[in-house]
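The values are calculated or read from the model by the stated rules, or taken from the named source; none is laboratory data. On a predicted model such as this, the values are computed, not experimentally measured, just so you know. Positions of Cβ are generated from backbone atoms using ideal geometry, with glycine treated the same way; all protein chains shown enter the neighbour counts.
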């Protein structure tokens, strides 16, 4: 099976712009979780989608949003970008959810905000 | 509140020596525990997990972890380190009483294996 794919892999934006990141989970996986990874804050949970519904949400401002499509592909959107949004954004998929199941991570999208 | 701690930012080990990466947790109920590894410029890869059963869990690449309920720890171990084990290691926990199904992640420990 193909692994989790994320596009684009690298992105450069300027403050105030918005960005959309895409994640395609492993075939058959219904849960997609998004994380932000920075050197200072480590790995921080953004949200989890399961069957097109947001099941969990971390402590991020409303500028961060997401959605999941019927084929389980997920997108994450960040509006009004700030310098502090520069990070590696990771997507992970699992069959039913992150509660007890192994998550499979994509390679990430590295976002640089100038 | 749930939490997980990886008390060491970095661990240095000589190749061939045993290695331990520490993880302690705090949950109100029984925990699910995970270890993941991240190689440079890559996403995280699953190593092993403890759900129930034997306290000693064996995982990928020769790693194992021991669940210690009394010490609320889940340390990652390997009998003989390889240079290729150098990476960033993350511990994660989920409280079975948490209906939000959310994993709580440690800050990560950088493991450096010197030849």
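Overview of results
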item	result
Members of segment A:26-69 found to be outside any strand (DSSP E or B) and under 17 Å from residue A:96 (Cβ atoms), listed by number	A:26, A:27, A:28, A:29, A:30, A:51, A:52
Out of A:61, A:107, sole residue that is in contact (Cβ under 8 Å) with a residue 60 or more places away in the chain and surrounded by fewer than 20 Cβ atoms within 10 Å (Cβ to Cβ)	A:107
Selection within segment A:12-25 - buried (at least 18 other Cβ atoms within 10 Å of the Cβ) and in a strand (DSSP E or B)	A:19, A:21, A:23, A:24
Qualifying residue in segment A:14-27 (condition: at pLDDT below 95, farther than 21 Å from residue B:102 by Cα and more than 14 Å from chain B (Cβ to nearest Cβ))	yes
Matching strands (runs of 3 or more DSSP E) fully within segment A:73-114 where at least 1 residues are at pLDDT below 95, within 20 Å of residue A:28 (Cα to Cα) and touching a strand residue (DSSP E or B) at 6+ places or on another chain (Cβ under 8 Å)	A:87-94
Verdict on residue B:18 being over 28 Å from residue A:109 (Cβ atoms) and touching a helix residue (DSSP H, G or I) at 6+ places or on another chain (Cβ under 9 Å)	no
Which numbered condition residue B:95 fails, given (1) within 28 Å of residue A:36 (Cβ to Cβ); (2) more than 12 Å from chain A (Cβ to nearest Cβ)	(2)
Long-range neighbours under 8 Å by Cβ, at least six apart or interchain, first residue more than 7 Å from chain A (Cβ to nearest Cβ) and modelled with pLDDT of 85 or more within segment B:40-54, second buried (at least 17 other Cβ atoms within 10 Å of the Cβ) and not in a strand (DSSP E or B)	B:47/B:59; B:47/B:63; B:48/B:59; B:48/B:63
Failed item in (1) under 30 Å from residue B:6 (Cα atoms); (2) under 12 Å from the mean Cα position of the chain (by Cα); (3) buried (at least 18 other Cβ atoms within 10 Å of the Cβ), with residue A:68 passing the rest	(1)
